[in-house]
């Protein structure tokens with residue numbers, strides 16, 4: 001059964017954890033229109049089907065999966081992607097620099113700052129380089145103006161994503177997370193990572209100097 005993370009006048013946000021690495025799969029469903037976006041078809045296709053059905057029950061209209069958005073190319077985030085595309089015919093989206101590594105063709109190639117509009121809500125792509133070359137975070141703003149960031153494996157409670165102890169990759173990811181998330185969004189911004197529990201920018205902001213000093 002899915003967990004309801006957020007609900008407002010426009011959408012609901014639900015999540016499930018799948019696979020041996022406890023990957024988070026997120027589903028946004030527009031209340032009025034039934035338009036859905038799924039973020040990271042990570043594993044367990046039957047569980048994702050159930051998630052789609054639970055999200056559909058949140059809407060007053062017939063649900064339609066409009067997009068399957070991938071945060072990055074790593075295998076544990078795309079294991080159910082081929083089956084989901086085959087079953088639904090939904091379009092796919094990913095960062096330009098990760099797209100060639102995905103197991104299906106990518107319909108929507110995302111650059112930093114791209115905005116995708118759906119019938120009831122929108123998502124902004126934030127390119128966070130370092131964990132992978134083309135990692136994308138997706139940002140939704142609710143009717144109150146609060147931001148919700150689906151950060152993939154680029155930002156977690158307690159630090160940025162794995163950069164294999166490469167100083168250049170860490171510096172790039174730390175810079176992007178600092179400049180493109182922490183500098184732009186307020187403390188109440190919700191962060192939904194690719195694994196584990198959610199957090200907020202406010203909870204993580206005081207630790208930025210420590211992350212920079214330790215180098216991971």
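The values are calculated or read from the model by the stated rules, or taken from the named source; none is laboratory data. Because the structure is a prediction, the values reported are computed rather than measured. All Cβ positions, even for glycine, are placed from backbone atoms using ideal geometry, and neighbour counts span all protein chains on display.
The set of residues in region 3-12 being under 16 Å from the mean Cα position of the chain (by Cα) and either more than 16 Å from residue 116 (Cβ to Cβ) or surrounded by fewer than 17 Cβ atoms within 10 Å (Cβ to Cβ) (or both) consists of 3, 4, 5, 6, 12. Cβ separations smaller than 8 Å between residues 6+ apart or across chains give the following pairs from region 111-130 residues that are at negative phi and free of Cβ contacts under 8 Å to residues at least 24 places away in the same chain to residues that are outside any strand (DSSP E or B) and surrounded by 13 or more Cβ atoms within 10 Å (Cβ to Cβ): 111/96; 124/114. Screening residue 62 on (1) part of a loop (DSSP other than H, G, I, E, B); (2) surrounded by 24 or more Cβ atoms within 10 Å (Cβ to Cβ) shows it passes everything except condition (2).
Table: residues versus (1) over 22 Å from residue 145 (Cα atoms); (2) at pLDDT below 95; (3) surrounded by fewer than 19 Cβ atoms within 10 Å (Cβ to Cβ); (4) more than 15 Å from the chain's Cα centre (by Cα).
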| residue | (1), (2), (3), (4) |
| --- | --- |
| 19 | yes, no, yes, yes |
| 22 | yes, no, yes, no |
| 73 | yes, no, no, no |
| 85 | yes, no, no, yes |
| 96 | yes, no, yes, yes |
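Can you spot a residue in region 32-41 that is more than 13 Å from the chain's Cα centre (by Cα), farther than 19 Å from residue 139 by Cα and not in a loop (DSSP other than H, G, I, E, B)? No, that holds for no residue.
Of the residues examined, residue 150 is not one that is modelled with pLDDT of 95 or more, within 24 Å of residue 49 (Cα to Cα), over 13 Å from the mean Cα position of the chain (by Cα) and surrounded by 20 or more Cβ atoms within 10 Å (Cβ to Cβ).
Of all residues assigned to region 99-109, none qualifies as being touching a residue at least 24 places away in the same chain (Cβ under 8 Å), over 25 Å from residue 141 (Cβ atoms), surrounded by 24 or more Cβ atoms within 10 Å (Cβ to Cβ) and in contact with a helix residue (DSSP H, G or I) (Cβ under 6 Å, 6 or more places away or on another chain). Applying the condition of being in contact with a strand residue (DSSP E or B) (Cβ under 6 Å, 6 or more places away or on another chain) and in a helix (DSSP H, G or I) to region 175-216 and asking which residue is surrounded by the most Cβ atoms within 10 Å (Cβ to Cβ) yields 177.
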